[in-house]
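Written below as C-alpha cells is the structure these notes are about.
The values are calculated or read from the model by the stated rules, or taken from the named source; none is laboratory data. What you see is a predicted model, and the numbers here were worked out from it, not measured in a lab. Neighbour counts run over all protein chains shown; Cβ positions are idealised from the backbone, glycine included. Surface accessibility is based on the protein's heavy atoms, side chains included, excluding ligands, DNA and RNA. Shrake-Rupley method; radii C 1.70, N 1.55, O 1.52, S 1.80 Å.
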Amino acid sequence: MTSSDPYSLDRLVDITTPSPISSWPPAAGWWFVMMMLTFWIGVLVIRAYRRRRGRAYRRQALMELGELRQGDFATLSILLKRVALISFPREQVASLVGPPWMEFLSASCPDFILDSASAERLCTGTTVSDVADCDSSSWSRTIDQCANWIRDHRSGALT
C-alpha cells in the first residue's frame with residue numbers, strides 16, 4: 001500500500017541517466033574534413049604513382065648497369081645514351097659523340113666526374129678487351145659515377 005505522503009520513501013524511484021550521445025553520423029563539418037582528407041590523400045597517391053612510373057627507366061638502367069662486364073665501355077656508353085634519349089629531346093642528344101657527349105653528361109648532372117682515361121674510353125665507346133688495361137677500382141669508380149648520373153640527372157632540355 002502506498003501512502004499519500006509525497007515525501008514517503010515508497011515513492012522513491014532510481015535516477016535514470018540519458019542514453020549516450022552517438023558519434024555516428026558525424027556533424028557536417030566532419031564530413032567536409034573527411035572529404036578533403038580523402039581528396040588530398042588521393043592526389044598524393046596519384047602523384048606518387050606517376051613519379052614512380054616516370055622513374056622506371058632509371059631503375060631499369062641501374063639494373064642493366066649492374067650486369068655490365070668489366071671494361072665494357074661501349075655498352076656503358078650505349079646505356080647512358082638510351083637513358084639520355086628518354087630524358088632529353090632526341091634532337092639534343094642523338095648526334096652527340098666524343099667530347100660533346102661528355103660535356104652533355106657533365107652539364108646534365110654536375111656531380112658526374114670521370115678520370116681522363118675512363119672519360120676517353122666512354123667518349124670513344126671502346127671495349128677494353130684486356131682486363132689488365134682497366135683495373136677494377138677504376139671500373140667501379142666509373143660505374144659509380146654512371147649510376148649517380150642515371151639517378152641524379154636533370155630531365156628536360158638543357159640550354
Apply 1/(1 + (r/R0)^6) to the Cβ-Cβ distance of ALA48 and ASP152, taking R0 = 22 Å, and write down the FRET efficiency to the nearest 0.05.
-> 0.70
Taking only the alpha-carbon atoms of region 1-118, what semi-axes of the equivalent ellipsoid follow from 5 times the gyration tensor eigenvalues under a square root, in whole Å, largest first?
-> 78, 16, 11
Taking the chain and dividing mean pair separation by its residue count, relative contact order in percent (alpha carbons under 8 Å, at least six apart) | 27
Which of the listed residues, SER118, LEU158, ILE21, is farthest toward the dipole's positive end in the chain, when Lys, Arg count +1 and Asp, Glu count -1 at the beta-carbon?
-> LEU158
Full-stretch length increase - ARG55, TRP40 - with 0.36 nm per residue and alpha-carbon distance subtracted | 3.2 nm
In the chain, which whole DSSP H runs stretch at least 27 Å along their own axis (Cα) and average 0.0 or higher on the Kyte-Doolittle scale?
-> 28-54
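How much of the accessible area of the chain, probe 1.4 Å, is carbon plus sulfur, in whole percent? Present the calculation step by step, with values, prior to reporting the outcome.
Details: 6950 of 11420 Å².
Reported share for carbon and sulfur atoms: 61 percent.
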Heavy-atom accessible area per residue of the chain, all protein chains kept, 1.4 Å probe, expressed in Å², is 72
Report the label-to-label distance for ILE15 and GLU103 in nanometres (one decimal), using points 7 Å from each Cα along the Cα→Cβ vector.
-> 9.0
Based solely on its DSSP helices, what 222 nm [θ] is calculated for the chain when runs of n ≥ 4 H residues each add -39,500 (n - 2.57) and the sum is averaged over all residues, nearest 500 deg cm²/dmol?
-> -18500 deg cm²/dmol
Residue-wise, which Karplus ³J(HN,Hα) couplings in Hz belong to region 10-21, taking 6.51 cos²θ - 1.76 cosθ + 1.60, θ = phi - 60°, and x for glycine or proline?
-> 5, 8, 6, 10, 4, 6, 9, 9, x, 5, x, 6
How would TRP40, TRP149 line up by accessible area, probe 1.4 Å, largest first?
-> TRP40, TRP149
Based on the mean of other Cβ atoms within 10 Å per residue, sort peptides 138-148, 10-20, 107-117 so the most packed one is first.
-> 138-148, 107-117, 10-20
Express in nm, to one decimal, how much length is gained between SER116 and SER8 on full extension, taking 0.36 nm for each residue of separation and deducting their alpha carbon distance.
-> 28.0 nm
